[in-house]
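Participant: Take this structure first; my questions come after.
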Amino acid sequence: MIFFGKKRKHKLPKFPPFVRPEFERLCEELDAEALKQLSHSLKSHFAVNSEQSADNEESKYNAKEAQAVFIVCKFLLDIYPSRTQSEQRLIAGAVRYAASENDPFCDHTFASGMTDDKQVINYVLEELKIEDRYLDTY
């Protein structure tokens, strides 16, 4: 009998094609200072985006989705020290991707601007076997 590997539920997005390379570029181990700095950058990124969307009537920024992404990213940073090196690289990549200004889909311009962030985070959560934290991507 032939068994095949478990089929992934959460894959990295194929469109746009530069999501995967950007995520992979951001995957690296962080020392304690870099982890602290990433935590600060994450908070700052979401605070600034929230303020900008409140001041812009045309913004498509979804504060509820952003809050959900922020909470899961904060959780990932909290568990970072207890994970393996390869898992730490994935966590760093996901959080850095979510906090990045070089996002393929601007969180303010597109109604689905947070979708790629959530897909990357869900991919990492699945890799970490943390199934109770998945973000809704629909």
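The values are calculated or read from the model by the stated rules, or taken from the named source; none is laboratory data. The structure presented is a predicted model; accordingly, all values stated were derived computationally and were not measured. Cβ sites come from the backbone with ideal geometry, for glycine too, and all protein chains shown count toward neighbours.
Participant: Would you confirm, using the coordinates I've provided, whether ALA99 is at pLDDT below 95, under 22 Å from ALA47 (Cα atoms) and either in contact with a helix residue (DSSP H, G or I) (Cβ under 9 Å, 6 or more places away or on another chain) or exposed (fewer than 13 other Cβ atoms within 10 Å of the Cβ) (or both)?
Facilitator: yes
Participant: Okay, moving on. Hey, can you tell me all the residues within the stretch 11-27 that are touching a helix residue (DSSP H, G or I) at 6+ places or on another chain (Cβ under 6 Å) and either assigned to a loop (DSSP other than H, G, I, E, B) or of a type in the set (Asp, Glu) (or both)?
Facilitator: Answer for the stretch 11-27, where residues must be touching a helix residue (DSSP H, G or I) at 6+ places or on another chain (Cβ under 6 Å) and either assigned to a loop (DSSP other than H, G, I, E, B) or of a type in the set (Asp, Glu) (or both): LEU12, PRO13, CYS27.
Participant: Across the stretch 44-84, what is the total count of residues that are at pLDDT 95 or above and more than 12 Å from the chain's Cα centre (by Cα)?
Facilitator: Total satisfying the criteria: 7.
Participant: Conditions first: (1) out of contact with any Asp or Glu (no Cβ under 8 Å at 6 or more places or on another chain); (2) at pLDDT 95 or above. GLU127 passes all but one, so which condition is the exception?
Facilitator: (1)
Participant: Going residue by residue through the stretch 19-39, is there one that turns out to be of a type in the set (A, V, I, L, M, F, W, C), closer than 20 Å to ARG89 by Cα, surrounded by fewer than 13 Cβ atoms within 10 Å (Cβ to Cβ) and at pLDDT below 95?
Facilitator: Taking every residue of the stretch 19-39 in turn, none turns out to be of a type in the set (A, V, I, L, M, F, W, C), closer than 20 Å to ARG89 by Cα, surrounded by fewer than 13 Cβ atoms within 10 Å (Cβ to Cβ) and at pLDDT below 95.
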